[in-house]
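Novice: Have a look at this one before I ask anything.
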Amino acid sequence: MRTTVAAVTLVLWGAAVSAQTTYVPPRTSFGHPDFQGVWQAMNTASWDIQDHGASLGVPAGRGVVEGNEIPYQPWAREKKQQNYANRATLDPDRRCFLSGVPRIMYMPFPFQIVQQEDKVTILHEYNHTLRHIYMNGNPHPDGPIEWWMGDSRGRWDGNTLVVDTVHFTAETWFDKAGNFHSEQLHTVERLTRTSPDHIWYEVTIEDPKVFTRPWKMSMPLYRRVDADAEILEYACYAYLLEETWTNK
């Protein structure tokens, strides 16, 4: 199984690299690669970022982790197993917290990218999440600061948008399966247009408190091409509050 998955991953990675080197994306009015539009991940990473079978309420899916292995420290691997055993109540998503980075990028909801010369804004349908990626060259503010979505600073590497994010809270997970991080999480995302309707998304994860080394996830993001594509509303916290009060 793992050998087959690795082979498939290599083929997809090779195809993505080839597309990255050949596709020339359109430009915005201020000359930057144009990523604007409504996009969505079409995978099962929100349930589990590693290979997993189906169960009640969980669709089967291929993992998005490079090599399908997460390099947990021994204590952290044990905690991940505890998280999984108690995921029905411990998953931050069950309490409608903001998803954090990178989980918000592969939640099963669309998001819209809007670009300005000094800022890229991502508006997510899920929980009214709004993420600003500052492109003005300013560094991260001094920390430690614990923010749900961290502090994101971007730059261009050719046609690739590179986003460096720090200053996280430890209160978010990577998925519903209990994969987690600490407040020392540091992510570097790379978004590359590979066709008119696809973005190749990569994120490198670093957290010396939890993992033994950096590791990577990658996946395609798809443009919503339906004529009336737009982000709608999923106000999780409002629905949870309504259910809580209704059941009292």
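Novice: With N denoting the number of residues in region 27-140, provide Rg(C-alpha) divided by 2.2 N^0.38 Å, to two decimal places.
Specialist: Working: Rg = 17.2 Å, N = 114, 2.2 N^0.38 = 13.3 Å.
My calculation over the Cα atoms of region 27-140 gives 1.29.
Novice: Using the count of nearby Cβ atoms within 10 Å as a rough guide to exposure, how do Ser152, Ser218 rank from fewest to most?
Specialist: Working: Ser152 23, Ser218 17.
Taking fewest neighbouring Cβ atoms as first place, the list is Ser218, Ser152.
Novice: Let me ask something else about it. Skipping prolines and chain starts, which residues have an amide H placed within reach, meaning under 5 Å, of the one on Ser152, given they are 5 or more residues away or on another chain?
Specialist: Tyr134
Novice: OK, next. So what J values fall out for region 126-142 if you push phi through Karplus, 6.51 cos²θ - 1.76 cosθ + 1.60 with θ = phi - 60°, rounded to Hz, Gly and Pro as x?
Specialist: For region 126-142, the Karplus curve yields 5, 6, 6, 5, 10, 10, 9, 10, 7, 10, 8, x, 6, x, 4, x, 4 Hz.
Novice: Calculate log10 I(q)/I(0) of region 54-201 for q = 0.09, 0.11, 0.13, 0.14 Å⁻¹, where I(q) comes from the Debye formula with a single equal point scatterer on each Cα and nothing for solvent.
Specialist: Here log10 of I(q) over I(0) equals -0.31, -0.47, -0.66, -0.77.
Novice: Just from its helices, what would the mean residue ellipticity at 222 nm be for the chain, if runs of 4 or more DSSP H residues each count -39500 (n - 2.57) and the sum is divided by every residue, rounded to the nearest 500 deg cm²/dmol?
Specialist: Details: 4 runs with 48 residues, N = 248.
It lands at -6000 deg cm²/dmol.
Novice: Could you please rank Phe168, Phe180, Phe97, placing first whichever residue has the fewest other Cβ atoms within 10 Å of its Cβ? Spell out each step's value before the answer.
Specialist: Working: Phe168 26, Phe180 23, Phe97 17.
Listed from fewest to most nearby Cβ atoms, that is Phe97, Phe180, Phe168.
Novice: For the chain, what is the number of Lys pairs with C-alpha distance below 15 angstrom, counting only pairs 8 or more positions apart or on separate chains?
Specialist: On the way: Lys79/Lys176; Lys79/Lys209; Lys80/Lys176; Lys80/Lys209.
Counting lysine pairs in the chain gives 4.
Novice: Show the residues, 5+ positions off or on another chain, whose built amide H is closer than 5 Å to the amide H of Thr194.
Specialist: Those lying under 5 Å, H to H, from Thr194 are Ile199, Trp200.
Novice: At 7 Å along Cα-to-Cβ for each site, give me the label-to-label distance between Glu230 and Asn138 in nm.
Specialist: 3.2
Novice: Which value in Å does the Kirkwood hydrodynamic radius of the chain take, with 1/r averaged over all unlike C-alpha pairs and then inverted?
Specialist: Values: mean 1/r = 0.0527 Å⁻¹.
Taking every pair of different Cα atoms in the chain, averaging 1/r and inverting gives 19.0 Å.
All of the numbers you see were taken from the coordinates with simple rules; none came from a lab. These figures come from a predicted structure and were not determined experimentally. Glycine gets a Cβ as well: all are built from the backbone with ideal geometry, and neighbour counts include every protein chain shown.
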